[in-house]
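The values are calculated or read from the model by the stated rules, or taken from the named source; none is laboratory data. As the structure is a prediction and not an experimental result, all values here were calculated from the model. Quick reminder, even Gly has a Cβ in these numbers, built from the backbone with ideal geometry, and neighbours come from all protein chains shown.
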Amino acid sequence: MKKTMIRRLWMFVGLFVSLALVTACAPAGKKKMDAPQKSEAKMTNSASDIINEPGLYHDKKLGVKLVWDKNTFTEKADLNSNMGEVLSVVYAQRVPSLQLSINDKTTDAGPLENAGKAFKKAYKKAMTSSKRFKLRDDKMITLSNGMKANYAMMTWKYQGSISLVTASVTVYKGDKIIQVTCTSVPASPGIEVMDGWVKAVVVDM
């Protein structure tokens, strides 16, 4: 019974695991990630210098790079452009999921130090049927290249019954907000693994 509920959950959870400062939602689909063909092995848009291939997203113009485990995240989810998603991938059983979002920084965006609180607030507003949103960690961190970021980790109950954990890293760069988000069920995998995935983002200084 519980396994069936979890499978159903992950048909919808892609709606909400994206930029915490944006609350509009739309359903996410899925498609199997095929082995890259020669023409797809390195999909590069010369105008924007974007590379998007299994295991790598790199926006050379903006200076954002995320390397992820293509053997874990084996399926793509349809991107929600309203939420600024540029990458959305999931494990075959929908647990866990990983998203990268890039959005314009609005005039009402608070300081980076408050990104964790805004992250929780946005989830509560969007997920009206869910409850028990608890911000377990909210702190400033330094990424591998020295860039400052906000790290947040939150637990919550999907529709009040299924426990979930969401971790995020948010970076401000110029007029952009960059966020990596990972959602899973507790201990599948452990939070230290989820942290490694979201903290893998590199934003040029």
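Restricting to the range 82-111, name every residue that is crowded, with 20+ Cβ neighbours inside 10 Å and among the charged types (D, E, K, R). Matches in the range 82-111: 85, 94.
Of all the strands (runs of 3 or more DSSP E) wholly in the range 131-205, which have at least 3 residues that are free of Cβ contacts under 8 Å to residues at least 40 places away in the same chain?
In the range 131-205, 131-142, 148-158, 162-173 are the strands (runs of 3 or more DSSP E) which contain 3 or more residues that are free of Cβ contacts under 8 Å to residues at least 40 places away in the same chain.
Selection of the range 133-165 for residues being surrounded by 15 or more Cβ atoms within 10 Å (Cβ to Cβ) and farther than 21 Å from residue 111 by Cα yields 133, 155, 156, 157, 158, 162, 164, 165. Candidates are the residues of the range 84-111 that are hydrophobic (A, V, I, L, M, F, W, C) and more than 24 Å from residue 50 (Cα to Cα); the one that is modelled with the lowest pLDDT is 95. Going through (1) free of Cβ contacts under 8 Å to residues at least 40 places away in the same chain; (2) outside any strand (DSSP E or B) one by one, residue 125 falls short only on (1). Report yes if residue 184 is closer than 29 Å to residue 74 by Cβ, touching a Gly at 6+ places or on another chain (Cβ under 9 Å) and not aliphatic (A, V, I, L, M), otherwise no. No: the conditions fail for residue 184.
For the range 184-194, indicate whether the set of residues that are surrounded by fewer than 17 Cβ atoms within 10 Å (Cβ to Cβ) and under 15 Å from the mean Cα position of the chain (by Cα) is non-empty. For the range 184-194, residues surrounded by fewer than 17 Cβ atoms within 10 Å (Cβ to Cβ) and under 15 Å from the mean Cα position of the chain (by Cα): present. Quick check on residue 170: is it surrounded by 12 or more Cβ atoms within 10 Å (Cβ to Cβ), of a type outside the set (Gly, Ala, Ser), in contact with a helix residue (DSSP H, G or I) (Cβ under 6 Å, 6 or more places away or on another chain) and under 21 Å from residue 102 (Cα atoms)? Against the criterion (surrounded by 12 or more Cβ atoms within 10 Å (Cβ to Cβ), of a type outside the set (Gly, Ala, Ser), in contact with a helix residue (DSSP H, G or I) (Cβ under 6 Å, 6 or more places away or on another chain) and under 21 Å from residue 102 (Cα atoms)), residue 170 qualifies.
Filter the range 54-77 down to the residues that are charged (D, E, K, R) and over 24 Å from residue 188 (Cβ atoms), then identify the one that is nearest to the chain's Cα centre (by Cα). First the steps, then the outcome.
Taking the range 54-77 first, the residues charged (D, E, K, R) are 59-61, 65, 69-70, 75-76.
Okay, now just the ones that are also over 24 Å from residue 188 (Cβ atoms), so 59-61, 65.
Values: 59: 16, 60: 19, 61: 21, 65: 13 Å.
Here the answer is 65.
Taking the condition within 26 Å of residue 186 (Cβ to Cβ), at pLDDT 90 or above and among the β-branched types (Val, Ile, Thr), does residue 4 pass? No, not satisfied. Cβ-Cβ contacts under 6 Å between residues 6 or more apart (or on different chains), taken from a first residue in the range 62-75 that is crowded, with 21+ Cβ neighbours inside 10 Å to a second residue that is outside any strand (DSSP E or B) and aliphatic (A, V, I, L, M), are listed as 66/201.
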